[in-house]
Structure formats: structure tokens, C-alpha cells
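Have a look at the structure below before the remarks.
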Amino acid sequence: MKEIAVFGGGCFWCTEAVFGELRGVISVMPGYAGGTKTNPTYEEVCSGKTGHAEVIKIEYDPGRIKFTDLLTVFFATHDPSTPNRQGNDVGTQYRSIILYTNTEQKKQAEEFIKKLNESSPEGKPIVTEIKPLEKFYEAEEYHREYYKKNSAQPYCQIVINPKLEKLQKEFADLLKSHARG
């Protein structure tokens with residue numbers, strides 16, 4: 001059995017690299033969703049005029065990893081309190097967004113955000129959008145497995161590597177490399 005989760009947490013090169021490491025994740029596809037333009041290109045999405053965010057579509061086995069585990073990693077590996085920004089990446093395409101594929105995902109995402117906000121009342125509130133997935137558009141080929149193909153690039157070294165190091169340190173039990181059986 002497979003399920004689909006769709007998250008946007010900044011640049012999809014980063015989120016694809018992170019979620020591809022998790023056990024129970026079958027595939028991760030970068031793409032665009034949450035906007036109005038049909039079949040947008042990367043350049044159009046970057047213009048901020050399509051309404052789309054850079055997202056990843058995660059195919060996963062709920063028998064091996066729970067949606068709440070995916071949410072935990074999602075919120076730990078980006079800043080969900082900054083609207084339309086992740087680090088130096090600025091624009092609506094970099095907003096924090098969860099595009100749910102069923103009502104249970106919506107409920108779990110809302111509860112997760114509520115708990116995060118309650119656990120840090122003096123902190124910045126979570127601004128992550130939660131909306132239904134209407135349409136997902138796959139990103140162009142050169143965006144797929146970007147980190148694996150370009151890990152020596154400065155962006156990968158400076159931005160993606162620290163996220164992967166945090167993932168390995170804080171979520172070792174969720175990684176494919178630590179999977180049992």
C-alpha cells in the first residue's frame with residue numbers, strides 16, 4: 001500500500017534530498033503545486049506570478065513510516081515561521097505548505113501545528129499553509145535528484161549538507177541506512 005504526501009519547505013532540491021533518505025519513502029519527485037497556472041515552468045514559478053510553491057511529492061509506505069514522522073522531519077528541517085522565505089531563498093514559491101491528499105492528513109497536520117504553537121507560545125507562530133492538493137506538476141528533469149547529481153556545488157555544500165547532517169543526527173532511527181529488515 002502506498003500513500004502520497006506533498007510538502008513545500010523552501011527549495012525543492014533541499015526537501016528532495018532530505019526525504020529521499022527516510023525509510024518507507026518509495027520515491028520523491030520535485031514539482032510545483034498550490035497555484036493557478038497549468039503546466040508551469042521553473043522560470044514562471046520563480047517569477048512569483050503562478051501562485052505555485054516548489055514542493056515535493058513523496059510516495060511512502062505507511063506501514064514503514066507514519067505521516068506524523070514525515071511531519072516531524074518536515075518541520076525540523078525548515079523554518080515554518082517565515083512567510084515566503086527559507087534562508088536566502090525569498091518569494092511565494094518558497095513558502096511553507098502542506099498539500100494534503102486525504103482528510104486524515106489534514107487533521108494530523110492541523111493538530112501537529114497546534115501542538116508546535118502551544119509548545120512555544122512566546123516563539124514565532126507557524127505560518128505553514130494547509131490546503132488540499134489539487135494538481136501536482138513535475139519539475140523539469142534537471143531538478144530531479146539534484147543533490148545526488150550536484151553535491152559538490154556550493155549551494156549543496158552550504159544549504160543542503162547541514163540539513164542532511166541534522167537529519168542524520170536527530171532522526172537516525174527514521175533513515176533507510178538504519179532500517180531494520
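The values are calculated or read from the model by the stated rules, or taken from the named source; none is laboratory data. All values derive from a computational prediction rather than experimental measurement. Cβ: placed from backbone, ideal geometry, glycine included. Neighbour counts: every protein chain shown.
Out of all the residues in region 129-152, which are in a loop (DSSP other than H, G, I, E, B) and within 19 Å of residue 163 (Cα to Cα)? Quick ask: steps written out before the conclusion?
Narrowing region 129-152 to residues in a loop (DSSP other than H, G, I, E, B): 133-135, 139-140, 144-145, 151-152.
Result: 144, 145, 151, 152.
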Subject >> Subset of region 138-181 (residues that are of a type outside the set (A, V, I, L, M), within 26 Å of residue 107 (Cβ to Cβ) and either touching a residue at least 40 places away in the same chain (Cβ under 8 Å) or surrounded by 13 or more Cβ atoms within 10 Å (Cβ to Cβ) (or both)) >> reply: 170, 171
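Every residue, every condition in (1) within 30 Å of residue 1 (Cα to Cα); (2) surrounded by 14 or more Cβ atoms within 10 Å (Cβ to Cβ), yes or no:
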| position | (1), (2) |
| --- | --- |
| 67 | yes, yes |
| 72 | yes, yes |
| 78 | yes, yes |
| 88 | no, no |
| 101 | yes, yes |
| 111 | yes, no |
| 116 | yes, yes |
**OP:** Kindly list the number of the only condition in (1) in contact with a strand residue (DSSP E or B) (Cβ under 9 Å, 6 or more places away or on another chain); (2) within 19 Å of residue 55 (Cα to Cα) that fails for residue 171.
**Re:** (2)
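Every residue, every condition in (1) out of contact with any strand residue (DSSP E or B) (no Cβ under 6 Å at 6 or more places or on another chain); (2) farther than 21 Å from residue 23 by Cβ; (3) at pLDDT 95 or above, yes or no:
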{"residue": "52", "(1), (2), (3)": "no, yes, yes"}
{"residue": "59", "(1), (2), (3)": "no, no, yes"}
{"residue": "72", "(1), (2), (3)": "yes, no, yes"}
{"residue": "83", "(1), (2), (3)": "yes, yes, no"}
{"residue": "108", "(1), (2), (3)": "yes, no, yes"}
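Just give me the residues in region 118-130 being closer than 19 Å to residue 68 by Cβ and loosely packed, with under 13 Cβ neighbours inside 10 Å, in sequence order. Before the answer, list the steps.
Looking only at region 118-130, we keep the residues that are closer than 19 Å to residue 68 by Cβ, and these are 118-120, 126, 128-130.
Matches in region 118-130: 118, 119, 120.
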